[in-house]
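J.: I have a structure I would like to understand better, so I am pasting it below and will then ask my questions one at a time.
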Amino acid sequence: MPARVRPRRDFQQLEHRRKQAGRLFAAGKMILAAIARQLKVSRQSVSRWYTEWRSGGLRALDGAGRAGRKPRLDSRQLRKVEQALRQGARTNGFDTDLWTLPRVALVIERVTAVHYHPGHVWKILGAMDWTLQRPAKQARERDPEKVKLWMNERWPAVKKTLNAKRLGSSSRTKAASRSVPPSAEHGPRKAKRRS
């Protein structure tokens, strides 16, 4: 069973709900339990909001901003990294023009002086809307004319001969087996009576 992804929290909506509770506190017409029921939140949350509201008013219920740790790279640094990546891997001193996570981590460190583990770099690339691109694997000696000839002439001939033979199966459980004669009766077998 696949893991359920939790929806992202809407911080503006959460702040709006706290402010709504603050307005209800200021009106003084409802008890905390009734406010919790109306806003569809726990009583503990309303109690915590009430304590904050009493000490700092409606401004105390403002949102704290984004959740989690702040990113180590700001938007200016990400633009520098993207410019370096767009120049290509060879321009950045690598043997081939293929980007790998360790190579991207090294470029990030060179450009911004911020060290990232290669296993974490894919998150940064995803935030920059970069996706996984795999090079097409083809032999260097590949001749497109010979491939076209094979696909148009040789392959259809081979394919026809495979269908023409239609060999039977030696399996006793397969219904269309040529090695076993067909049974007279179809359906479940009758049990033999023991005497």
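J.: In sequence order, what are the phi-derived ³J(HN,Hα) couplings for segment 126-134 according to the Karplus relation 6.51 cos²θ - 1.76 cosθ + 1.60 with θ = phi - 60°, rounded to whole Hz, with x for glycine and proline?
T.: Values, residue by residue: x, 5, 8, 6, 8, 10, 5, 10, 9 Hz.
J.: Testing the spin-label approximation: label points 7 Å from Cα along Cα→Cβ at Arg37 and Thr51. State their distance in nm.
T.: 2.5
J.: Something else now. I'd like the FRET efficiency for Trp130 and Gln12, computed as 1/(1 + (r/R0)^6) with the beta carbon distance as r and R0 of 35 Å, rounded to 0.05. Please list the in-between numbers first.
T.: On the way: r = 29 Å, r/R0 = 0.82.
Plugging the Cβ-Cβ distance into 1/(1 + (r/R0)^6) gives 0.75.
J.: Can you give the accessible area per residue of segment 52-94, in Å², using a 1.4 Å probe?
T.: On the way: 3260 Å² over 43 residues.
Ligands and nucleic acids excluded, the result is 76 Å² per residue.
J.: Rounded to whole Hz and in sequence order, give me ³J(HN,Hα) for segment 18-24 from the Karplus expression 6.51 cos²θ - 1.76 cosθ + 1.60, θ = phi - 60°, writing x for Gly and Pro.
T.: Calculated HN-Hα couplings, in order: 5, 5, 4, 4, x, 5, 5 Hz.
J.: Please identify every one of the trypsin sites (Lys or Arg not before Pro) in segment 30-85 that sits in a loop by DSSP and has no more than 11 other beta carbons within 10 Å of its own beta carbon.
T.: Details: sites: Arg37, Lys40, Arg43, Arg48, Arg54, Arg59, Arg66, Arg69, Arg72, Arg76, Arg79, Lys80; in loops: Lys40, Arg66, Arg69, Arg72.
Of the trypsin sites (Lys or Arg not before Pro), the ones in loops of segment 30-85 whose Cβ has at most 11 other Cβ atoms within 10 Å are Lys40, Arg66, Arg69.
J.: What three numbers, in Å, describe the spread of the alpha carbons of segment 20-64 along their principal axes, ordered from the longest?
T.: 23, 21, 14
J.: At a 1.4 Å probe, what is the % contribution of carbon and sulfur to the accessible area of segment 1-140?
T.: Of the solvent-accessible surface of segment 1-140, carbon and sulfur hold 51 percent.
J.: Still on this structure, please answer the following. List nothing, just return the count: lysine pairs in segment 1-134, 8 or more apart or interchain, with Cα separation under 22 Å.
T.: Summing the qualifying lysine pairs gives 6.
The values are calculated or read from the model by the stated rules, or taken from the named source; none is laboratory data. What you see is a predicted model; the values in this text were computed from it and never measured. FYI the Cβ positions are ideal-geometry reconstructions off the backbone, even for glycines, and counts take in every protein chain you see. In case anyone asks, the SASA skips ligands and DNA or RNA and just uses the protein heavy atoms, side chains included. Shrake-Rupley method; radii C 1.70, N 1.55, O 1.52, S 1.80 Å.
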